[in-house]
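Right, one structure below, let's go through it.
The values are calculated or read from the model by the stated rules, or taken from the named source; none is laboratory data. Remember, predicted model here, so these are calculated numbers, not experimental data. FYI the Cβ positions are ideal-geometry reconstructions off the backbone, even for glycines, and counts take in every protein chain you see. With ligands, DNA and RNA removed, areas are computed over all heavy atoms of the protein, side chains included. Shrake-Rupley method; radii C 1.70, N 1.55, O 1.52, S 1.80 Å.
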Amino acid sequence: GDEVYFVADEEHVARSMVVFGHEETAARRVIIAGGGHIGQFLAEVIREEHPGVVAKIIEFDKAQAERAALANPAVTVLHGDALDPDILHEANVGVTEAIVAVTNDDETNILASLLAKRHGCQRAVTLINNMNYGPLITTLGVDAVVSPRAITVSSILQHVRRGRIRAVHTLQEGFGEIMEAEILDTSGLVGLAIRDADLPPGVLVGAIVQNDEVVIPRAGTRFRAKDRVVMFVSANAVKNVEKLFAVRLEFF
């Protein structure tokens, strides 16, 4: 039941997941509950970037279903309720590896995900806007929760954080952030080994990308200009980390 955050080279992610007991095969059949903007965009991405994956859309509103069908002619669009077992059966939910519920109603997304899994779907990804549901629905059997709010906050933080912050992802319950930052030529970290960098408490360096290669850091690993550092930062250490990746005062 633990939630583990780890850093891995992209080519080793699948093998790393096996260590944690996740040996799921890649989904080849996907049901998208909701034919709005998100559902249509997801179907388009699947069609363009994953040609071996078959996606089907279920949309309750007839006019919206027609728009989704016109936008994605190669995708099967079913007009019906994702909470209707007959519609799920028509979509072949029993042999579907994943359902992605992205309607504009949290309750519908949650119930559609749980119903699909009850009828044989292997995994469920659920979009919710009310994060109060988050801790609850994962215990019910939903495999992954997507929050537009959390994604938006992470995107905004990327731009408001000081220093060259490449990416920020806020963790659940707001207890910390996964941060990717570039070391500027003027940063006080340049040339220091991790053991000598005096990193504030609550900061754990997970990986360093040097010249497009992932380096798993050790105490003696030295920071270099233009390195990208991926780290976990607890909420109370964020401000101190910003200062580390900003311009040194003596530079002026």
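Based on protein heavy atoms only, the range 16-104 ends up with 57 Å² per residue of surface accessible to a 1.4 Å probe.
Relative contact order (percent) for the range 41-99, with alpha-carbon contacts under 8 angstrom and 6 or more residues of separation? Intermediate results must be reported in sequence, preceding the final value.
Numbers: 57 pairs, mean separation 16.8, N = 59.
Value for the range 41-99: 29 percent.
Per-residue SASA remark: MET17, around 70 Å² accessible (1.4 Å probe; ligands, DNA and RNA not included).
For an R0 of 30 angstrom, estimate the FRET efficiency from the Cβ-Cβ distance between GLU10 and HIS37 and round to the nearest 0.05.
Result of the calculation: an efficiency of 0.60.
The lysines within cross-link reach of LYS239, meaning a Cα-to-Cα straight distance under 26 Å and a gap of 8 or more places when in the same chain, are LYS226.
Potential lengthening of the chain between ARG118 and THR25 amounts to 31.6 nm, from the contour at 0.36 nm per residue minus the alpha-carbon distance. Candidate cross-link partners of LYS56 among the lysines, defined by an alpha-carbon separation under 18 Å and a same-chain spacing of 8 or more, comprise LYS117.
What you get for the range 53-148, charging only the Cβ of Lys and Arg (+1) and of Asp and Glu (-1), is a dipole of about 260 debye around the Cα centre.
Inter-label distance, ASN130 to GLU44: 3.1 nm, where each label sits 7 Å from its Cα along the C-beta direction.
Below 8 Å, C-alpha to C-alpha, sequence gap of six or more: please give me the relative contact order for the range 38-147 in percent. Don't skip to the end; give the middle numbers.
Working: 164 pairs, mean separation 20.2, N = 110.
Worked out over the range 38-147, it gives 18 percent.
Relative contact order, whole percent, for the range 1-92 stands at 22, derived from Cα pairs under 8 Å and 6 or more residues apart.
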